[in-house]
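See structure below.
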Amino acid sequence: MRPPTPRFRRPNGRVTTAAIAGLLALAVATPASSNSTPGPDARERVHEYEVTGPRTAAQRTAVAATGASVDAVRRDSIVITADAGQAERVRRMGYLLRVLPGPPDRGDGRKPTPFDFPPADAKYHNYKEAMAEIDADIAAYPSLMSKQVIGKSYEGRDIIAVKITGSAKAAGAAQPGAAREADGEKAAAKPEVLFTAHQHAREHLTVEMALYLLKEFGSQYGKDARVTKMVDSRVIWVVPDLNPDGGEYDIASGSYRSWRKNRQPNNGSSSRGTDLNRNWDYKWGCCGGSSGSTGSETYRGSGPESAPEVKVVSDFVRSRVVNGKQQIKAAIDFHTYSELVLWPFGWTYDDTAPGMTQDERDAFAKVGTSMARSNGYTPEQSSDLYITDGTIDDWLWGNQKIFAYTFEMYPSSAGAGGFYPPDEVIDRETARNRDAVLQLLENADCMYRSIGKEQQYCT
Ligand SMILES: [Zn+2]
């Protein structure tokens with residue numbers, strides 16, 4: 001493990017960096033004990049807390065082991081989401097807890113509309129609006145984009161993948177898997193790149209990120225040279241909403257609920273939901289980086305891929321194996337918040353491990369650091385924050401050898417808006433990742449070029 005960087009960081013699914021001043025200003029010091037009503041529905045009454053004391057990844061991992069989710073990481077404090085019982089266990093570890101304000105009231109004093117964003121955040125897209133927007137993009141750029149329903153969420157909503165690619169054949173390539181190979185021609189398939197969003201329900205800005213990508217690739221094709229070249233020479237997949245049920249639940253009352261998981265019931269428990277980003281089938285539940293308790297924010301599910309949404313996307317990724325070769329070479333899974341670029345592994349503190357050579361780690365770090373330079377995020381290995389297991393990045397790399405990153409988007413801290421930044425920031429904060437996304441696309445055909453080893457690995 002590397003020493004902590006001086007900047008604040010935040011991990012898979014949550015984030016961090018609340019400026020202390022901001023936290024102090026926000027801390028209305030609601031006594032945590034005032035809501036310590038245990039019981040089956042206790043998990044519905046979660047709060048965000050600033051926890052002062054944990055300084056090392058091992059200490060943060062121990063806090064996460066209570067079942068709380070670690071939302072943000074600072075040098076000597078963290079932000080967690082916890083129910084009363086989890087908070088009490090953290091307190092007994094000797095740390096100081098301070099309740100943070102709940103989700104903002106963005107109602108503008110107007111009556112909330114069920115299953116929609118509060119009036120002040122109307123520019124965010126609920127599920128129906130997002131699907132309509134995507135259909136409009138596809139209608140506007142039919143030669144570049146198409147959509148497929150790759151499966152259903154637990155509650156039966158479509159999970160879709162949008163395919164974006166130009167008609168130009170890259171280096172004489174056929175479409176992956178096309179019949180071209182029948183005549184013995186070796187098809188040089190276009191490298192494929194996957195962008196996924198919204199594993200965690202309350203991280204709504206990530207859906208906007210996916211919508212931005214569709215718009216940008218569509219509208220800039222034929223105008224912007226970098227975009228045109230990448231759309232022509234890559235197959236770009238965008239899965240804009242991995243957790244539509246959770247996202248809709250988060251806004252179902254017309255105001256925010258700070259919901260994280262999916263909405264799948266759990267046997268023998270009144271607590272709903274699996275943390276999708278602990279449910280992937282690689283070292284699932286191996287290492288103290290997820291919880292076996294249904295009430296936990298990081299509940300890993302009853303088994304790997306037990307969440308239908310994870311199964312759907314895993315099956316989709318596996319379907320991109322053509323003639324024994326995974327066509328997807330690189331990926332970004334978008335989360336909020338903390339402004340981080342993270343790479344695997346999350347299950348171990350070690351930089352290299354079985355399944356991660358030094359060259360692989362170096363390519364991850366080189367491209368990750370370069371992307372972070374363009375968007376101003378902080379680059380680091382995921383486990384520098386704390387241990388996680390069963391995450392999408394660990395699975396995409398460990399199981400499918402896809403160079404997979406997690407972006408923790410805006411803001412940097414809880415005090416700056418946490419999971420609910422106002423809709424005024426959408427345009428700025430999605431465009432902020434334009435260059436990083438293009439960098440990943442440009443590196444996707446040979447990630448090892450970044451460390452000067454193209455000859456060794458990519459010829
Ligand atoms: Zn997340």
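The values are calculated or read from the model by the stated rules, or taken from the named source; none is laboratory data. Just so we're clear, the structure is a prediction, and the values are computed from it rather than from any experiment. Neighbour counts run over all protein chains shown; Cβ positions are idealised from the backbone, glycine included. Accessible surface is based on the protein model in full, side chains and every heavy atom, while ligands, DNA and RNA are left aside. Shrake-Rupley method; radii C 1.70, N 1.55, O 1.52, S 1.80 Å.
Odds and ends about this structure:
- Residue within region 437-450 that is within 16 Å of the ligand (Cβ to nearest atom) and in contact with a helix residue (DSSP H, G or I) (Cβ under 6 Å, 6 or more places away or on another chain) present: no
- Verdict on Ala188 being over 15 Å from Asn243 (Cα atoms), more than 16 Å from the ligand (Cβ to nearest atom) and at pLDDT below 95: yes
- When region 269-278 is filtered for residues that are touching a residue at least 24 places away in the same chain (Cβ under 8 Å) and either away from the ligand (no atom under 13 Å from the Cβ) or among the small types (Gly, Ala, Ser) (or both), the ones remaining, listed by number, are Ser269, Ser270, Ser271, Gly273, Thr274.
- Residue count for region 56-76, restricted to those that are outside any loop (DSSP other than H, G, I, E, B) and touching a Pro at 6+ places or on another chain (Cβ under 7 Å): 4.
- Filter result for Glu216 (in contact (Cβ under 8 Å) with a residue 60 or more places away in the chain, part of a helix (DSSP H, G or I) and either crowded, with 18+ Cβ neighbours inside 10 Å or of a type in the set (Asp, Glu) (or both)): yes
- Test: residue in region 250-257 that is touching a strand residue (DSSP E or B) at 6+ places or on another chain (Cβ under 6 Å), within 13 Å of the ligand (Cβ to nearest atom) and open to solvent by less than 10 Å² (accessible area, probe 1.4 Å): no
- Qualifying residue in region 191-205 (condition: modelled with pLDDT of 95 or more and part of a helix (DSSP H, G or I)): yes
- Unmet requirement for Arg110, which otherwise passes all of (1) out of contact with any Asp or Glu (no Cβ under 9 Å at 6 or more places or on another chain); (2) open to solvent by 20 Å² or more (accessible area, probe 1.4 Å); (3) touching a residue at least 24 places away in the same chain (Cβ under 8 Å); (4) not in a helix (DSSP H, G or I): (3)
- Test: residue in region 321-328 that is open to solvent by less than 10 Å² (accessible area, probe 1.4 Å) and more than 30 Å from Ser413 (Cβ to Cβ): yes
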